[in-house]
Amino acid sequence: MFFVISLEPPHTFSFKVSDGDFEELSTRDGFIPAPYMARHKWVYAEKPSKVKQKEGEKYIKESYELVKAKLTKKLRDSLGS
């Protein structure tokens, strides 16, 4: 799991970030540390309108890579490149 989005409007979402991004985003307007997952460096976008599309895409890709890096080599290999 690297990204979670609500199905009900407004489509709020949570994702994993690096340590540095966690500190920055946790204090930024529209974001808070993700409930129950903050200790794992997840943030919650409580105001999705504050996230531009390009920025959101960047964070989703980074979240995927962060989670993928923690998988076993066998699992990473099965995902391909």
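Please treat every number below as a calculation from the coordinates, not as lab data. As the structure is a computational prediction, the values presented were derived from the model and not from experiment. As a convention, Cβ positions derive from the backbone with ideal geometry for all residues, glycine included, and neighbour counts pool all protein chains shown.
Rounded to the nearest 20 debye, what is the charge dipole size of the range 12-81 about its Cα centre when +1 sits on each Lys and Arg Cβ and -1 on each Asp and Glu Cβ?
It comes to approximately 300 debye.
How many nm is it between the label spots at Ala69 and Met37, if each spot is 7 Å from the Cα in line with the beta carbon?
According to this spin-label approximation, the distance is 1.8 nm.
Quick check on the chain: helices-only [θ] at 222 nm, where DSSP H runs of length 4 and up contribute -39,500 (n - 2.57) each and the sum goes over total residues. Nearest 500, please.
Value at 222 nm, helices only, nearest 500: -12000 deg cm²/dmol.
Contact order normalised by length for the chain, with contacts defined as Cα pairs under 8 Å and 6 or more residues apart; what percent is it?
31
I need Met37, Met1 ordered by Cβ neighbour count within 10 Å, fewest first.
Fewest-to-most ranking of Met37, Met1: Met1, Met37.
Using +1 at the C-beta of Lys and Arg and -1 at the C-beta of Asp and Glu, which of Tyr44, Leu79, Phe2 has the Cα lying farthest in the positive direction of the dipole of the chain?
Among Tyr44, Leu79, Phe2, the one farthest towards the positive end of the dipole of the chain is Leu79.
Given all pairs of different Cα atoms, what value in angstroms does the Kirkwood hydrodynamic radius of the chain take?
Hydrodynamic radius (Kirkwood, Cα only) of the chain equals 13.2 Å.
Peptides 50-59, 67-76: what's the order by average Cβ count within 10 Å, highest mean first?
50-59, 67-76
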